[in-house]
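Chemist: I'd like to ask you about the structure that follows.
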Amino acid sequence: MTAAGNAPDTLEDATTRDLRHLVDDYVRRVWNGHDASAVAEFAPDDTALAFGDTPVTYVSRSELVQRVAHVLTLIPDHHLTVGTIVVQGEEVIWEWRLTGTFHDERGAFPVDAKGLTYWQVRDGLIVARNGVMDLMTWAWQIKAVDRRIQLLMPV
């Protein structure tokens, strides 16, 4: 074994490992543990939110907890599976798959959706959040639309 093989982890390796652990811990505690209040441990006083092409808004820690609690009310058996996690500096992009049963006044609907989440992390807190998901499939699964449209090429 060479001397390089015995070298300790670099700062970048430790940061990458820490951010991967942050994603896993967040998903385990918040989404799969169904503990909306745990969101507060991962959030600063105000968090920047942007989804798709919407403008960035800032929400308080308590509002973020309320938003997650609302989702967990709608999908009480919410389960996230984490896929690939990509880390660059303070930025994390991770893919996920959500399964569960969506409930509203119309009934209960099984859901299976995929998406990507973007986080910017500082000092162990998620200061900015963004994400995308297949909204057309989601809308079809919860019967908000009656046709599932899949485009195979730009039109």
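Chemist: Rg over Rh of the chain, using C-alpha atoms and the Kirkwood radius, what does it come to? Numbers along the way, then the final one.
Modeler: Details: Rg = 18.0 Å, Rh = 17.3 Å.
On the Cα set of the chain, Rg over Rh gives 1.04.
Chemist: How far apart, in nm, are two points set 7 Å out from the Cα along the Cα-to-Cβ line at Ala48 and at Arg17?
Modeler: 3.0
Chemist: Work out how much length Lys143 to Asn32 would gain on full extension: take 0.36 nm times their residue separation and subtract the Cα-Cα distance, in nm to one decimal.
Modeler: Values: separation 111, 0.36 × 111 = 39.96 nm, distance 2.44 nm.
Here the segment from Lys143 to Asn32 would lengthen by 37.5 nm.
Chemist: Let me ask another. I'd like the carbon and sulfur percentage of the solvent accessible area for the chain, probe radius 1.4 Å, heavy atoms only, ligands and nucleic acids excluded. Before the final figure, lay out the partial values.
Modeler: On the way: 5510 of 9760 Å².
Of the solvent-accessible surface of the chain, carbon and sulfur hold 56 percent.
Chemist: Further question on the same structure: Write down the accessible area per residue of segment 47-155 in Å², having rolled a 1.4 Å probe over the full set of protein chains. Mind showing how you got there, number by number?
Modeler: Working: 6830 Å² over 109 residues.
I get 63 Å² per residue for this part.
The values are calculated or read from the model by the stated rules, or taken from the named source; none is laboratory data. Computed from a predicted model, the values in this text were never measured in an experiment. Every residue, glycine among them, receives a Cβ derived from its backbone with ideal geometry; neighbour counts consider all protein chains shown. Just the protein is used for accessible areas: all its heavy atoms, side chains included, with ligands, DNA and RNA removed. Shrake-Rupley method; radii C 1.70, N 1.55, O 1.52, S 1.80 Å.
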